[in-house]
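Inspection log for the structure reproduced underneath, given as structure tokens.
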Amino acid sequence: MKGAGWKGTVARTAGRASRLSGRGGTSIPGKVLLRLDRDAIGTLAAGLDRRAAISATNGKTTTAAMAHAILARGGAQLVHNSAGANMAGGIAATLLYGRGDTGLFEVDEFWLAGVVKGLRPQALLLGNLFRDQLDRYGELESIADRWAQIVKDADPATTLVLNADDPLVADLGRERWPAAEQAAHDSAAGAPGVLTFGVEDTALALAGLQHASDSTHCRRCGAPYRYDVVFLGHQGHYHCEACGATRPAPDVRATAIHLDGVRGARFTLTTPAGSADVALPLPGLYNVYNALGAAALTHALGAPLADIVAGLGAVAPAFGRAETVTMDGRELSILLVKNPAGANEVLRTLALEAGEHDLFAVLNDNIADGRDVSWIWDADFEHLAGHVRRATCAGTRAAEMGLRLKYAGVPADRITVVEDGLAAGLDRAIAGGDGRLFALPTYTAMLQLREELTRRGITGSSFG
């Protein structure tokens, strides 16, 4: 992008120096640029015709990839932080090096306020809020309060794209209209400046709230929500009997959903522009939610329904998000697990697969994972225990992962704990078995796995 001048030159030089030193350079140029010019994101973004931002606890990388696939079909030239650098420095670096007419940025939940202020997106997607890295970000309500302030401060021209099924997120739409108008919009679509999305297929409902359910009390009055339908964690159809708050009717919705194990999903997509069938090459209900978010966001940016359907049908998985590679004659599918709600959906998807499975579970407690790994006891590994043939556990907390699987009901003689590093664990997991191996890594373990597969020549260079 143009407009950085000598400051951009200094930032690019810093990035080259960082790469030459072997430390990488994805975010360094942006960090340097922001120290030189605190308004750099706004200055660089001003040259884009369209700008969109995506934030969520789960799924923002995949949702952004879906939106990219849709917008590219319409001829957009994307400036997109596809490498996953989603804090302010990474976004500034993406703008510094980017060439295009449309900005598409996934943004870390904690950094969203500053990015939105500079970016001034035409569309802002807020996907979900789940318990994740509490030692880093605090309780969900504190993040919801930050997001509420972002919504209040956002440009009135920004369209809010909100998950109707997540009560913490859906409630943010109230910030967009006066109190006197709230009742007219609480239970109906069409609120000004707000586009909502959600699942309407009650056949996929769970029996009740899971252990991983987080947002179960009304932000308006504090009373517990009554759930009529639960789909994923605390996402579903809900209402508050105390104050009357209720799930808004979604503008973009999915019906007739069919989940085909790890292979993909099919559903009928309805938007304000019409309805069409979608064949999604990514698995799980969680990816149906990601697809709905991407469809709503791109609809807000003017994408036609045909491009939305075609883009969703052609999207490729981001690394670690249901990507499959071949190693030593075996398929290795990599499914990121980083918090209870996300892990439960991965486990739910694997449970749909026939037969017994080989698992490679890698649990790290590095800063980017969150030091507190007690979340694994809230994830329902019990659902998969009867489907496990072999489980190899690695990572900085390999022993605790092994213990969790044992208590979930996996026989002890089917669990192997490898404490000699990820590479040794991968060798142990891949050897002696047959069929597909499912890797379940936490965030930094996923990055390490990518580096190891690249070192062995199995995947391309890491993150661009």
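None of the figures in this text is laboratory data; all of them are computed from the coordinates on show. This structure is a prediction, so every number in the text was calculated from the model and none was measured. Neighbour counts run over all protein chains shown; Cβ positions are idealised from the backbone, glycine included.
Values for this structure:
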| quantity | calculated |
| --- | --- |
| Orphan Cys of the chain, criterion: no other Cys C-beta under 4.7 Å | 393 |
| The range 68-112-the range 347-422 distance, computed between alpha-carbon centres (Å) | 34 |
| 222 nm mean residue ellipticity, helices alone, for the chain (DSSP H n ≥ 4; -39,500 (n - 2.57); rounded to 500) | -10500 deg cm²/dmol |
| Beta bridges by DSSP in the chain, antiparallel share as percent, to the nearest 5 | 40 |
| Proximal lysines relative to residue 338, as straight alpha-carbon distance under 21 Å, when same-chain residues fewer than 8 apart are discounted | 60, 406 |
| Length-normalised contact order of the range 42-114 in % [C-alpha pairs under 8 Å, at least 6 apart] | 45 |
| Stretch gain in nm, segment residue 455-residue 399, where the contour uses 0.36 nm per residue and the Cα spacing is subtracted | 17.6 nm |
| Net charge dipole size for the chain [Lys, Arg +1 and Asp, Glu -1 on Cβ; Debye, nearest 20] | 1560 |
| Of the DSSP H helices in the chain, those whose Cα atoms cover at least 30 Å axially and whose Kyte score averages -1.0 or more | none |
| Förster radius 35 Å - calculated FRET efficiency between residue 155 and residue 97 (Cβ-Cβ, nearest 0.05) | 0.85 |
| Mean separation of Cα contacts under 8 Å (6+ apart) over length of the chain, as relative contact order % | 13 |
| Neighbour-count ranking [beta-carbon atoms within 10 angstrom, fewest first] of 109, 331 | 331, 109 |
| Rg(Cα) / (2.2 N^0.38 Å) computed for the range 321-455, rounded to two decimals | 0.93 |
| Positive minus negative residues near residue 78 (Lys, Arg vs Asp, Glu; Cβ under 15 Å) | 0 |
| Fewest-first sequence of 234, 383, 68, 258 by Cβ atoms within 10 Å of each Cβ | 258, 383, 68, 234 |
| Using a Förster distance of 41 Å, the FRET efficiency for residue 10-residue 424 (Cβ separation, nearest 0.05) | 0.45 |
| Rounded FRET efficiency, nearest 0.05, which uses the C-beta distance separating residue 316 from residue 249 and R0 of 41 Å | 0.80 |
| Distribution of pairwise C-alpha distances over the chain, 20 Å bins, in % | 25, 58, 17, 0 |
| Proximal lysines relative to residue 31, as straight alpha-carbon distance under 18 Å, when same-chain residues fewer than 8 apart are discounted | 2, 7, 117 |
| Length released on extending from residue 306 to residue 49, taking residue separation times 0.36 nm less the Cα-Cα span | 90.3 nm |
| Coordinate range along principal axes, alpha carbons of the range 248-399, Å, largest first | 52, 34, 26 |
| Rough spin-label spacing in nm, given labels placed 7 Å along Cα→Cβ, for residue 39 and residue 324 | 5.1 |
